[in-house]
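Working notes, structure below.
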Amino acid sequence: MNARAFWRVAATGRMLTLLVLLTLAAVACGLLGSWQLDRAELRGAQAAEEARQAVLGAPPVPIGELLTPGQTFSGDFVGRRVMVRGEFTGVELLVDGRVRDGETGFLVLAELRVLDDGVSLASESADDAPVLAVVRGWVPSAEVELPPAPSGETSVTGYLQVGEAAGDGRASDGSPLPEGHTDAISMAQLASAWGTPIYTGYLVQSEPEPSTPILALGPPALPGSGLAWRNLMYALQWWIFGGFALAIWFRSVRDEARDLVAGELAQQDAQQEATVQAQGDASLAPPSST
């Protein structure tokens with residue numbers, strides 16, 4: 001493409017007018033695309049909130065209906081309310097660096113031996129019962145005196161949460177964690193310390209409510225809101241239309257510039273041919289007599 005010819009055509013009044021009109025159309029398409037993107041985010045958030053309320057507001061079910069010891073934890077289990085009967089062993093860990101209402105503190109993680117999962121599991125003794133990690137709540141300091149977990153067989157209700165990756169056993173400043181502390185609720189690490197079989201997720205206790213100074217935790221966060229795909233596709237379509245409008249102007253200028261160059265070349269060829277023909281006719285003419 002001849003750049004000089006392109007800009008000659010682009011600078012004409014007709015093409016400048018067309019550029020203004022198509023630019024306005026492209027801007028309108030861009031604004032409509034942005035509006036559809038906002039709608040996609042809004043509808044995605046609404047759908048996520050509805051799904052969250054459906055999960056968190058559902059009545060608790062026996063843990064055995066969803067999860068058994070060693071079973072792979074499905075993402076659909078996060079936030080599901082379950083109930084279980086078992087005995088706390090008294091073994092507890094403090095999970096460092098956990099935030100509640102903007103304040104960093106510690107989770108109180110307790111070992112629960114499951115005696116009855118409400119479906120098929122029924123252990124007579126806690127010694128050989130499977131292990132379920134239970135977060136009793138949150139404390140602001142490691143120096144507070146923790147009230148003991150309930151003794152004997154007890155019923156616990158709470159929200160399921162997926163286990164975490166293994167930690168490195170170090171505090172945020174790089175120093176080793178003290179005895180009785182951990183930096184992750186890792187089922188693999190807990191299995192080494194507490195034994196197996198063990199559940200692959202843990203329970204965030206909601207009932208019975210913890211005693212002071214242990215503070216209750218809210219439901220775990222569910223997966224992100226995402227976007228409403230239909231509105232997202234509409235947004236992409238509007239943006240494509242906007243780009244297409246500018247492409248129309250570019251192509252119109254390019255095609256007209258090509259026609260202009262082709263016409264000029266044809267005119268030059270015709271002039272050269274006429275010049276050559278005239279020279280040939282002059283060479284064949286008879287010499288003039290004197």
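Observations on the structure shown:
- Taking amide hydrogens as placed 1.01 Å from N in the peptide plane, the amide H of Gly97 sits under 5 Å from those of Gly105, each at least 5 positions away in sequence or on another chain.
- Going from the fewest other Cβ atoms within 10 Å to the most, the residues Met83, Met233 appear in the order Met233, Met83.
- The H on the amide N of Gln71, modeled in the peptide plane, is under 5 Å from the matching H of Thr200, each at least 5 residues off or on a different chain.
- Here the 3J(HN,Hα) profile of segment 244-256, calculated from phi with Karplus coefficients 6.51, -1.76 and 1.60 at θ = phi - 60°, is 5, 4, 5, 5, 4, 5, 4, 5, 4, 5, 4, 5, 5 Hz, Gly and Pro shown as x.
- Nonlocal amide H pairs with Val135, under 5 Å, H built at 1.01 Å: Ala110, Leu203, Val204, Gln205
- Rounded if a/c under 1.5, otherwise prolate or oblate - segment 79-207, Cα gyration tensor axes: prolate
- Packing-based ranking, highest mean first, of 171-177, 76-82, 149-155 given that Cβ atoms within 10 Å are counted: 76-82, 149-155, 171-177
- For segment 79-207, the relative contact order works out to 31 percent when only alpha carbon pairs closer than 8 Å and six or more residues apart are counted.
- Computed [θ] at 222 nm, helices only, for the chain once each DSSP H run of length n ≥ 4 contributes -39500 (n - 2.57): -14500 deg cm²/dmol
- Per-residue HN-Hα couplings for segment 74-79 [Karplus 6.51, -1.76, 1.60; θ = phi - 60°; Hz; x = Gly/Pro]: 8, x, 5, 7, 4, x
- Segment 141-205: C-alpha gyration tensor shape, a/c 1.5 cut-off, then a/b vs b/c: oblate
- A simple count of charges around Pro148, restricted to other residues whose Cβ falls under 14 Å of its Cβ and scoring Lys, Arg +1 and Asp, Glu -1, yields -3.
- Rounded, prolate or oblate (a/c below 1.5 giving rounded, otherwise prolate when a/b exceeds b/c) for segment 171-212 by Cα gyration tensor: oblate
- Evaluating 6.51 cos²θ - 1.76 cosθ + 1.60 at θ = phi - 60° for every residue in segment 121-132, the Karplus couplings come out as 8, 8, 9, 7, 10, 6, 4, 10, 7, x, 9, 10 Hz, glycine and proline recorded as x.
- Counting DSSP beta bridges with both ends in the chain, the antiparallel % (nearest 5): 85
- Shape annotation for the chain: C-alpha extents along the principal axes are 143, 39, 38 Å, from largest to smallest.
- Whole-number percent relative contact order across segment 89-134, with pairs defined as alpha carbons under 8 Å at least 6 apart: 32
Just so you know, all these numbers are worked out from the coordinates, no wet-lab data involved. This one's a predicted model, so the numbers in the text were calculated from it and none came from an experiment. We place every Cβ from the backbone using ideal geometry, glycine too, and count neighbours over all the protein chains shown.
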